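Supplied in structure tokens, the structure appears directly below.
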Amino acid sequence: GAKISLQLVSILLNEVGDNPDQLPILQHALMRTYDYWSEHTNGEAPITIEHYQSVGKMELALSYHADEAYYELTEEQKIICAALFKSLTETGTVVGGVRRPTKLLELCELLAVDKDTLIPIINVFRQHGRSFLMPSLEIELYDESVIDISHESLMRVWVRLIDWFKEEMNSAEIYLKLCKDAASYQEGKGSLLINPELAITLKWRDKQRPTEGWGTRYSISYVRAINFLEDSKRKFDQNVIFKNLEQAKRIKRNKTFTYFVAIASVICLFLATYSWLAKQRPNPNAKQPRNRTNH
């Protein structure tokens, strides 16, 4: 029952073009535009370009909407949310990846969380009017429930998810390199990690918190790789301790040497001063010159 300006209709048609993949994005943008128009007008004026631009247009409407859901989470939930969407995205050559439907129980194992922690996060993204994740909110979730991204368009336009996908690709690359280095070391063809590579890998581990379930998706060598990383860190820490002890000993030796040099310098100065003073004193045994008297 709403009216829409012809100028906005023309813009929408031009932005959609002949690409059918844009239709779900158009549908979502129109829904968001209509909701915004309903909230900010009396319902009599037509839907205009200003309403459309306010929700981010087709380019960002979906991204803005997904961010609204994301910002409803706590800080800890946001960390799990990022790992959740990364797990639901298959990395590969396709820009933005492809969907990877995964059972709820497997997701819990991948993310190292329980269902009571994960389900509320999933529910935020499958509420009415959002439906970013499937199944719909009316369906109760259980262990075998398959969680999936509702449409691949979300993976192409949600800016945050695109960044997460890039992080996942980079994380997988670091992990696979670690697995390769661990295998080479076990075969006697390589050595333990040293800086800067060790520091980079440790930073990756602390930030990404990779679980065995996650690692197994890319390589079954998770345990060997993590043990290799721990051995590298342990060896590095031992070397640091050894170098610190050696440095402490060297400083102590230098201090001792400086102390003796200082004492020797004082003694030498004392002897030199004493010798100079001794030369300045008159010699009582020296013969006094006779006074000649003229007769």
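Return a yes/no flag: does region 128-148 have any residue that is modelled with pLDDT of 90 or more and within 30 Å of Leu202 (Cα to Cα).
No - not one qualifying residue is present in region 128-148.
Right, next: Test Asp163 against the criterion of being within 30 Å of Leu137 (Cβ to Cβ), assigned to a helix (DSSP H, G or I) and open to solvent by 30 Å² or more (accessible area, probe 1.4 Å), and give yes or no.
For Asp163, the condition - within 30 Å of Leu137 (Cβ to Cβ), assigned to a helix (DSSP H, G or I) and open to solvent by 30 Å² or more (accessible area, probe 1.4 Å) - is met.
Same structure, new question: In region 31-47, what residues are surrounded by 15 or more Cβ atoms within 10 Å (Cβ to Cβ) and over 19 Å from Val16 (Cα atoms)? Don't jump to the end; show me each part of the working.
In the first step, residues of region 31-47 are kept if they are surrounded by 15 or more Cβ atoms within 10 Å (Cβ to Cβ); the result is 32-34, 36-37, 47.
Hits for region 31-47 are Tyr36, Trp37.
Picking from Glu90, Glu152, which residue would you name as being modelled with pLDDT under 90, closer than 18 Å to Pro24 by Cβ and either out of contact with any Pro (no Cβ under 7 Å at 6 or more places or on another chain) or not β-branched (Val, Ile, Thr) (or both)?
Working: Glu90 fails: closer than 18 Å to Pro24 by Cβ.
From the options Glu90, Glu152, the qualifying one is Glu152.
Which is within 26 Å of Val124 (Cβ to Cβ) and open to solvent by 60 Å² or more (accessible area, probe 1.4 Å), of Glu15, Glu68, Glu50?
Details: Glu15 fails: within 26 Å of Val124 (Cβ to Cβ); Glu50 fails: within 26 Å of Val124 (Cβ to Cβ).
Criteria check complete, one pass: Glu68.
Right, next: Failed condition for Gln127, given (1) in contact (Cβ under 8 Å) with a residue 40 or more places away in the chain; (2) closer than 22 Å to Met31 by Cβ; (3) crowded, with 16+ Cβ neighbours inside 10 Å, with all others met?
Of the numbered conditions (1) in contact (Cβ under 8 Å) with a residue 40 or more places away in the chain; (2) closer than 22 Å to Met31 by Cβ; (3) crowded, with 16+ Cβ neighbours inside 10 Å, the odd one out for Gln127 is (3).
Out of Glu144, Glu106, Glu152, Glu90, I need the residue that is open to solvent by 50 Å² or more (accessible area, probe 1.4 Å), free of Cβ contacts under 8 Å to residues at least 40 places away in the same chain and among the charged types (D, E, K, R). Which one? Spell out the reasoning first.
Details: Glu144 fails: free of Cβ contacts under 8 Å to residues at least 40 places away in the same chain; Glu106 fails: free of Cβ contacts under 8 Å to residues at least 40 places away in the same chain; Glu152 fails: free of Cβ contacts under 8 Å to residues at least 40 places away in the same chain.
One residue alone meets the criteria, Glu90.
Oh, and also: Within region 182-205, is there a residue that is exposed (fewer than 10 other Cβ atoms within 10 Å of the Cβ) and closer than 30 Å to Ser87 by Cβ?
Among the residues of region 182-205, at least one is exposed (fewer than 10 other Cβ atoms within 10 Å of the Cβ) and closer than 30 Å to Ser87 by Cβ, which makes the answer yes.
The values are calculated or read from the model by the stated rules, or taken from the named source; none is laboratory data. Bear in mind the structure is a predicted one, so any value in this text is a computation, not a measurement. Neighbour counts are summed over all protein chains in view; Cβ atoms, including those assigned to glycine, are modelled from backbone coordinates with ideal geometry. All accessible areas refer to the heavy atoms of the entire protein, side chains included, with ligands and DNA or RNA removed. Shrake-Rupley method; radii C 1.70, N 1.55, O 1.52, S 1.80 Å.
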